Each structure stands twice: as structure tokens, then as C-alpha cells.
Amino acid sequence: MEDVLEVYQQPYDPDFPVVCMDEKPYQLLGETREPIPMKKGTNARQDGEYIRNGTCCIFLFTEALTGWRHADPREHRTKVDWANQIRHLLEVEYSECKKVLLVMDNLNTHSMSSLYEAFSPEVARNLARRLEIHFTPKHGSWLNIAEIELSAVSKQCLDRRIDTLDSLATELLAWETNRNTRQKGVDWQFTTQDARIKLKRLYPQIKM
């Protein structure tokens, strides 16, 4: 916990950006009947029955200090899927920086070994050199700022039925473009000093 909080307290450095990452499963749902749109004096109407079109996983990255985020839906949540997301992050979004400080949950797919399962040793090592991972503790996923963005996208973009992966990708692109244009950042206030007071019960009790 303190490791993540110290990372959040670092001043902005474009050579060493702090990026948070999280994932969200999403169910693709289609309509059995065409919804009736809202009109004056009448609410919108939607049939309670729907078509299940499978599930997917939304990978979300965000840099709180610059107000940037990127959401990408994929069919699966495998080690190779995660590795491809990291490659895009390092080679496309942050190709000019020296190293990305990545905060994320400690899931079984989130490891340097995943890079070697997806790419040649040369490519994997070059990516690993530019990646510094900081895991949130078990039962401490609330420390991941990306969860705030996932909450926002759930309320602003995913609160309706979306039937295909392509449609979901289009909706997410519109959502992230809007928020990135407005540079909607996160002002993180919880510090290590706060943790030692408010979460004192979680610290080991030293017996003299």
C-alpha cells in the first residue's frame, strides 16, 4: 500500500509517467425487439428480453496527472492479451518516455513472463526494461486509480445494451476522446501519512 501511495506522490515527470491499469469483464447484449425511443409525454421503452452475444474484457489505462485514458475491448483476458496491451502502451502511447511506472492489480496474467509468452526474447526484454510495475495489495484494489475511470465509463458509456465487440470499441473510443479532450484528471489526496493514521489497524503491532 505504501509503495503505491509513494508512487502517487511523485511529481509529474514526462520521462517517467505514472500509469494505472485495470480490467473489466463486459457482457455483450443484443435486442430481440427494436427499442421505442423517448418522446414527449412517453418514456423510452425497451423489451426485457435480450440476446446474449458472449462476453469480452475491457482493458483500461489512465494517467491521472495528465487526464489521459485509453480503453480497449478484447475477446479474452489472457497473458498474451495483456502483453499486447503493454506493447501498445510502451511503443505507441509512451514511445518517447524512458520508463512507465505501472500500477495494477496482482493478477496471474500481470507479470513480465507474459511478455515472453507473447513475443521474442529480444522484444520482451526491451519492453520489460521500460516497465516498472507496482502492484496494489490483496484486497486493496481501491488504491488503483484506474478503478475510478472504470466506474466513470460504466456510468457514462456502458449503462445500455451493446451487442458487438466492434460497437463497444466505437463507443469506448468516443468516451475516451471526450474525456481526454477535457483532460479529466484525478486529484488523489490519500497519502502514506493518512494511511498510517486512518488504517492503523492494518499495520503489525510491534511488541517491545
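We did not get these values from a lab; they are worked out from the coordinates using the rules stated. Fair warning: this is a prediction, and the values are worked out from it, not measured in the lab. Note that each Cβ is placed from the backbone with ideal geometry, even for glycine, and that neighbours are counted across all protein chains shown.
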Check: Rounded to the nearest 0.05, what FRET efficiency do Arg45 and Gln183 have when you use their Cβ-Cβ distance and R0 = 35 Å?
Finding: 0.40
Check: Excluding same-chain residues fewer than 8 positions from Lys99, which aspartates and glutamates have a Cα within less than 18 Å of its Cα?
Finding: Asp3, Glu6, Asp13, Asp15, Glu63, Glu91, Glu122, Glu132
Margin query: Between 0 and 90 degrees, rounded to the nearest ten: what's the tilt of helix 79-88 against the longest Cα principal axis of the chain?
Written below: 80
Check: Picking from Val92, Val100, Val19, which is most flexible by a Gaussian network model of the chain using Cα springs under 10 Å?
Finding: Val92
Next item on the list: Taking the Cα centre of the chain as origin, sum charge times position over the Cβ atoms of Lys and Arg (+1) and Asp and Glu (-1), and report the length of that vector in debye to the nearest 20.
Entry: 660
Margin query: Give me a comma-separated list of calculated 3J(HN,Hα) values for the stretch 111-119, in order, Karplus coefficients 6.51, -1.76, 1.60 applied at θ = phi - 60°, integers in Hz, x for any Gly or Pro.
Written below: 8, 4, 4, 5, 5, 6, 6, 9, 10
Note to self: For the chain, take the longest principal axis of its alpha carbons; what is the angle in degrees between that and the long axis of helix 146-156, to the nearest 10 within 0 to 90?
What the structure shows: 10
Checklist line | the chain - percent relative contact order, Cα under 8 Å, separation 6 or more | finding: 29
Check: Using the Karplus equation 6.51 cos²θ - 1.76 cosθ + 1.60 (θ = phi - 60°), what ³J(HN,Hα) coupling, rounded to whole Hz, does each residue of the stretch 175-188 give in order, writing x for Gly and Pro?
Finding: 5, 5, 4, 5, 6, 5, 4, 7, 6, 6, x, 10, 9, 6
Next item on the list: Quote to one decimal, in nm, the extra length available between Arg201 and Lys138 on full extension: 0.36 nm per residue of separation minus the C-alpha distance between them.
Entry: 21.1 nm
Next item on the list: For a quick protection proxy, order the peptides 161-167, 135-141 by their average other-Cβ count within 10 Å, most packed first.
Entry: 161-167, 135-141
Check: Of all chymotrypsin sites (Phe, Trp or Tyr not before Pro) in the stretch 1-91, which ones are in loop regions per DSSP and have a Cβ with at most 14 other Cβ atoms within 10 Å?
Finding: Tyr12
Notebook entry, point to check: Taking a temperature of 20 °C and a viscosity of 1.002 mPa s, what whole-number D in µm²/s does Stokes-Einstein yield for the chain with Rh from Kirkwood over alpha carbon pairs?
Noted result: 112
Note to self: Nearest 500 deg cm²/dmol is fine: what mean residue ellipticity at 222 nm does the chain get from its DSSP H runs of n ≥ 4 alone, each adding -39,500 (n - 2.57), divided by its residue count?
What the structure shows: -9500 deg cm²/dmol
Check: List the lysines whose alpha-carbon lies under 17 Å from that of Lys184, not counting same-chain residues fewer than 8 positions away?
Finding: Lys155
Next item on the list: Can you find, among Trp175, Gln193, Met208, the residue farthest towards the positive end of the dipole of the stretch 168-208? Put +1 on the C-beta of Lys and Arg, -1 on that of Asp and Glu.
Entry: Met208
Item checked: Ranked packing of 176-185, 113-122, most packed first, by mean Cβ within 10 Å -> 113-122, 176-185
Notebook entry, point to check: What aspartates and glutamates sit close enough to Lys24 to cross-link, taking a C-alpha to C-alpha distance under 16 Å and skipping anything fewer than 8 places away on the same chain?
Noted result: Asp72, Glu75, Asp81, Asp105, Glu147, Glu149, Asp159, Glu171, Glu176
Next item on the list: Could you go through the stretch 125-139 in sequence order and give the Karplus-derived ³J(HN,Hα) for each residue, using 6.51 cos²θ - 1.76 cosθ + 1.60 with θ = phi - 60°, rounded to whole Hz, and x for Gly and Pro?
Entry: 5, 5, 6, 4, 4, 9, 10, 10, 8, 10, 8, 6, x, 4, 6
Check: Measuring from label point to label point, each 7 Å out along Cα→Cβ, what is the Thr191 to Glu75 span in nm?
Finding: 4.9
Next item on the list: Report the residue, chosen from Ala146, Ala83, Ala174, that carries the largest GNM mean-square fluctuation when the chain is represented by alpha-carbon nodes joined by springs under 10 Å.
Entry: Ala174
Next item on the list: Restricting to the chain, compute how many DSSP beta bridges are antiparallel as a %, nearest 5.
Entry: 70
Checklist line | Normalised contact order of the stretch 62-151, rounded percent, pairs of Cα under 8 Å and 6 or more residues apart | finding: 33
